[in-house]
Amino acid sequence: MRNICNSAISLLLTTVFAGFPLGCRHGGSDEAIAKDIQARISADPETKDAQVNVSAKDGKITLSGSVKSQAAQQKVEQITREEPGTRAVDDQTLILSDATQASEAMNSVPVEQPKPQPIVVPAGTVLVVTTSQALSSKTSQAGQTFLATLAQPVSVEGRTAFPKGVTVSGTVVTAKTKGKIKGEGELGLSLTSISTEGHTYQIQTNVLSSTVKGKGKRTAATTGGGAAGGALIGGLAGGGKGAGIGALVGATAGFVGGAFTGNKQIEIPAESPLSFTLKAPLTLPPPTR
């Protein structure tokens, strides 16, 4: 009788201990199982890039999201089925098509913005300036520098190259005093540079030239490029001292607001508007704003 009881107790204990590992294998919580699967998917080289969500309920594992290939999908399922505590697997993951992957790759690459292009002011552009000082065939000297300001803005294809009011430099090309008995008076001007935003650009323009000779006759022309100006429009402003010089006729405007003194010298008062034409194109860097 005692042997029978001992055998029964031994059998019971054996059954209990034999079942203990099984209980440990399947006794994990659903949350712990899901986290472990998720971690193993993220760590595996074949599936680490997969966008997979793992949920578990009563040992049934549901997989959702996307993978990049069928091989990756199969690997995710394998990892899930090997997890202790998994009773069933519902794989709802989607395989991204090659087209979708290409689209995602394009979207992930930053789109390079077009670089601002330089501004090219073409030859033939007219620069209208206002002189900052008086100039005269009697008092000015060849090689003398004079200053002016841009009277009108210069734009190229809707972009401002030079705003109104920037500083312009010029030079007196010729200056000759008219004699009382013979000899002619002459005054020629050109622009040499223009400054904006802290930068100075060298330029080449036509030469505006005006001549007085023979009993007060007046002629004017543009030289060094551009059409000849022809005769000066206007004439004596009411006669006597201070006769006005009108605008040059032709492709380029010339002296405006200049005057002859009593001895018929060429005078360009301060604040006189003058028009010059670029002989060569000028390239400016892209605008900074």
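Identify the residue in region 43-81 that is closer than 18 Å to Leu96 by Cα and hydroxyl-bearing (Ser, Thr, Tyr) and, among all such residues, is nearest to the chain's Cα centre (by Cα).
Ser66
Residue check, Leu147 against (1) without any contact (Cβ under 8 Å) to a residue 24 or more places away in the chain; (2) farther than 19 Å from Glu267 by Cα, all met but one. Which one?
The failed condition is (2).
Every residue, every condition in (1) at pLDDT below 95; (2) in contact with a His (Cβ under 7 Å, 6 or more places away or on another chain); (3) part of a strand (DSSP E or B), yes or no:
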residue	(1), (2), (3)
Val120	yes, no, yes
Thr139	yes, no, no
Ala148	no, no, yes
Gln152	yes, no, no
Ser155	yes, no, yes
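Please indicate, with yes or no, whether at least one residue in region 32-45 is surrounded by 15 or more Cβ atoms within 10 Å (Cβ to Cβ), of a type in the set (Asp, Glu) and at pLDDT below 90.
Keep residues of region 32-45 that are surrounded by 15 or more Cβ atoms within 10 Å (Cβ to Cβ), which gives 33-34, 36-38, 40-41, 44.
From what is left, the residues that are of a type in the set (Asp, Glu) are 36, 44.
Adding the requirement that they be at pLDDT below 90 leaves none.
No, because not a single residue in region 32-45 is surrounded by 15 or more Cβ atoms within 10 Å (Cβ to Cβ), of a type in the set (Asp, Glu) and at pLDDT below 90.
Kindly establish whether Val128 is in contact (Cβ under 8 Å) with a residue 60 or more places away in the chain and either within 18 Å of Leu284 (Cβ to Cβ) or in a loop (DSSP other than H, G, I, E, B) (or both). Steps first, answer last, please.
Details: in contact (Cβ under 8 Å) with a residue 60 or more places away in the chain: yes; either within 18 Å of Leu284 (Cβ to Cβ) or in a loop (DSSP other than H, G, I, E, B) (or both): no.
Judged against the criteria, Val128 is not a match.
The values are calculated or read from the model by the stated rules, or taken from the named source; none is laboratory data. Model, not experiment: these values are computed from the prediction. Positions of Cβ are generated from backbone atoms using ideal geometry, with glycine treated the same way; all protein chains shown enter the neighbour counts.
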